[in-house]
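This report refers to the structure that appears directly beneath it.
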């Protein structure tokens, strides 16, 4: 099976996890980038105005894969805007896809993300996995946003999450 792992990461956590999963699945890894550096202000405006930024590489290149696994953060309860161009491409060119995210989780799960994915692509993902940094930090107390946004995955976190994700992905595809 020809698998692409495509990631966008603001903090580096989704990129580190995506690279590890791509290696474990022997998949091609593709990193999404933007021409301008992303700021918290741009994140806010993109989310409020539902903007889709220009990204590299162009989404058209994903047509050659049997399945695409997207890794990216969840911002304000929605898919991070740099991934949206790829999701819109899938709406016009249906393919199997999955969405995986390591995100803060200080405010709890993001129940609207699967519906947003369906709306943007026209189909449900074959795999949807949302991991929370809050769960990695502490099982005893609920970390605040400032704690989860500052957290960097360590090698142990990456290995643990990669194992869980690879098992779920293999079971679902």
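Checking residue 29 against (1) in contact (Cβ under 8 Å) with a residue 40 or more places away in the chain; (2) in contact with a helix residue (DSSP H, G or I) (Cβ under 7 Å, 6 or more places away or on another chain), only one condition comes out false. Which one?
For residue 29, the exception is condition (1).
What number of residues within segment 112-158 are in contact (Cβ under 8 Å) with a residue 24 or more places away in the chain and either part of a strand (DSSP E or B) or within 30 Å of residue 63 (Cβ to Cβ) (or both)?
Of the residues in that region, 17 qualify.
For segment 88-116, which residues satisfy the criterion of being crowded, with 22+ Cβ neighbours inside 10 Å and within 19 Å of residue 43 (Cβ to Cβ)?
Listed by number, the residues that qualify are 99, 101, 102, 103, 104, 105.
For residues that are part of a helix (DSSP H, G or I) and touching a helix residue (DSSP H, G or I) at 6+ places or on another chain (Cβ under 7 Å), scanning just segment 1-26, find the one that is surrounded by the fewest Cβ atoms within 10 Å (Cβ to Cβ). Working first, answer last.
Taking segment 1-26 as the starting set, the residues that turn out to be part of a helix (DSSP H, G or I) are 13-25.
From what is left, the residues that are touching a helix residue (DSSP H, G or I) at 6+ places or on another chain (Cβ under 7 Å) are 16-17, 20-21, 24-25.
Numbers: 16: 22, 17: 24, 20: 21, 21: 25, 24: 17, 25: 20.
Checking each candidate, the answer is 24.
Is it the case that some residue within segment 71-86 is surrounded by fewer than 17 Cβ atoms within 10 Å (Cβ to Cβ), more than 17 Å from the chain's Cα centre (by Cα) and in contact (Cβ under 8 Å) with a residue 24 or more places away in the chain?
No, segment 71-86 has no match at all.
Going by what's in this entry, would residue 68 be described as part of a strand (DSSP E or B), over 16 Å from residue 116 (Cα atoms), modelled with pLDDT of 85 or more and touching a helix residue (DSSP H, G or I) at 6+ places or on another chain (Cβ under 6 Å)? Don't jump to the end; show me each part of the working.
On the way: part of a strand (DSSP E or B): yes; over 16 Å from residue 116 (Cα atoms): yes; modelled with pLDDT of 85 or more: yes; touching a helix residue (DSSP H, G or I) at 6+ places or on another chain (Cβ under 6 Å): yes.
Taking the combined requirement at face value, the residue satisfies it.
Just wondering, is there one or more residues in segment 29-52 that are in a loop (DSSP other than H, G, I, E, B), closer than 30 Å to residue 156 by Cβ and at pLDDT 90 or above?
yes
Kindly indicate whether any position in segment 124-143 is closer than 26 Å to residue 54 by Cβ and crowded, with 18+ Cβ neighbours inside 10 Å.
Initial filter on segment 124-143 (closer than 26 Å to residue 54 by Cβ): 125.
So of that shortlist, the ones also crowded, with 18+ Cβ neighbours inside 10 Å come out as 125.
For segment 124-143, residues closer than 26 Å to residue 54 by Cβ and crowded, with 18+ Cβ neighbours inside 10 Å: present.
Tally the residues that are closer than 13 Å to residue 84 by Cα and over 16 Å from the mean Cα position of the chain (by Cα), restricting the search to segment 31-48.
1
The values are calculated or read from the model by the stated rules, or taken from the named source; none is laboratory data. Computed from a predicted structure; not experimentally measured. Here the Cβ is made from the backbone with ideal geometry for all residues, glycine too, and neighbour counts use every protein chain on show.
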